[in-house]
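Notes follow the structure.
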Amino acid sequence: AGFSELQGVFRTHLRTRWPDYSERLEALRDRARAGGDPLHLLQGFADSAAASIASLREVVRREDLDRAVRLLARAGTIYVVGQRRSFCVAHYLAYALAQLGVRATLVDNVGGLGPDQLANASETDALIVVSFSPYSPVTLSLAQSAQKRKTPLVVITDSALSPLAGMADARFEIHESDFGAFRSLAATFCLSMTLAVGVADRRGERSSR
């Protein structure tokens, strides 16, 4: 009936393409038996992480990094949100930024208080959103709320068809490799470290002028 419905077909595919954890574990058991040693698993996961990092080098552009770092460096407070498998990335980002002297708040949504944790975000702040397929409805709702308040968004996701992609003021599409359908987070953590250190360095340059 229209392009929006066509997009919906692909978004549904992205949300449902991954097998559940019991299926993944069974596949890995078969691989481990084939390799004869759990070391086979280690090598598989290490190769997956290395492939993710190699892809990161190819897909992230200098102008995208510069835009994101500039946007975050001028923010009064950087809010960070990520649920499910993305939560560890969000938690690390908030920790790293705080350790580098940048005011950062983790929107963890504990007790369903995510909207309250983000209530004071404004156009002078910024929100880093991390979400991969299947995209968290909580993360999407919080990003929409921040967008309505004109809070700039830096989005880390996995596809141009992500429901978060169109909201972004700066966007990164990370293609994590997988082993037995268990996806690496190596590239995402590498990008997160780059953003945290880059923002702190940019702020240091500004304060020393």
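The values are calculated or read from the model by the stated rules, or taken from the named source; none is laboratory data. The structure displayed is predicted, hence computed values, not measured ones. Here the Cβ is made from the backbone with ideal geometry for all residues, glycine too, and neighbour counts use every protein chain on show. Please note that ligands, DNA and RNA were not included when accessible areas were found on the heavy atoms of the full protein model with its side chains. Shrake-Rupley method; radii C 1.70, N 1.55, O 1.52, S 1.80 Å.
Descriptive notes on the structure:
- Residue check, F172 open to solvent by less than 50 Å² (accessible area, probe 1.4 Å), under 15 Å from the mean Cα position of the chain (by Cα) and among the aromatic types (F, W, Y): yes
- Qualifying residue in the stretch 94-101 (condition: under 17 Å from the mean Cα position of the chain (by Cα), open to solvent by less than 20 Å² (accessible area, probe 1.4 Å) and closer than 19 Å to R67 by Cα): yes
- Tally, over the stretch 116-145, of residues that are assigned to a loop (DSSP other than H, G, I, E, B), open to solvent by less than 40 Å² (accessible area, probe 1.4 Å) and closer than 19 Å to A165 by Cα: 5
- Output for the stretch 175-209, where each listed residue is surrounded by 19 or more Cβ atoms within 10 Å (Cβ to Cβ) and among the β-branched types (V, I, T): T188, V199
- Only one of the numbered conditions (1) open to solvent by 40 Å² or more (accessible area, probe 1.4 Å); (2) within 18 Å of A186 (Cβ to Cβ) is not met by L56, and that is (1).
- Pairs with Cβ under 9 Å, 6+ apart, first in the stretch 139-151 and under 9 Å from E123 (Cα atoms), second part of a loop (DSSP other than H, G, I, E, B) and open to solvent by 80 Å² or more (accessible area, probe 1.4 Å): R149/E123; K150/E123; T151/E123; T151/T124
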